[in-house]
Amino acid sequence: MGKLCCSQEDDEPAFNLLGLLVTVVLALLLLMLCTPPRRSVAVAYYPRYC
């Protein structure tokens, strides 16, 4: 019973924002590295002379 009252888990918040932020940043970095870059589309317009 004494260990339940004096555990360190009560001092720290249950929801850690720093861990969530690090996870989101790592996920975005992996997404940027693993997805191929978009290809640019070049369109040429030639006017018709009648």
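At-a-glance table
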{"read-out": "Yes/no for L31 being modelled with pLDDT of 90 or more and surrounded by fewer than 10 Cβ atoms within 10 Å (Cβ to Cβ)", "value": "yes"}
{"read-out": "Unmet criterion (only one of (1) hydrophobic (A, V, I, L, M, F, W, C); (2) in a loop (DSSP other than H, G, I, E, B); (3) modelled with pLDDT of 80 or more) for L26", "value": "(2)"}
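Here is a yes/no grid of residues against (1) at pLDDT 80 or above; (2) touching a helix residue (DSSP H, G or I) at 6+ places or on another chain (Cβ under 9 Å); (3) of a type in the set (G, A, S):
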residue: D11; (1), (2), (3): no, no, no
residue: F15; (1), (2), (3): no, no, no
residue: L18; (1), (2), (3): yes, no, no
residue: V22; (1), (2), (3): yes, no, no
residue: T35; (1), (2), (3): yes, no, no
residue: V41; (1), (2), (3): yes, no, no
residue: A44; (1), (2), (3): yes, no, yes
residue: Y49; (1), (2), (3): no, no, no
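The values are calculated or read from the model by the stated rules, or taken from the named source; none is laboratory data. The structure presented is a predicted model; accordingly, all values stated were derived computationally and were not measured. All Cβ positions, even for glycine, are placed from backbone atoms using ideal geometry, and neighbour counts span all protein chains on display.
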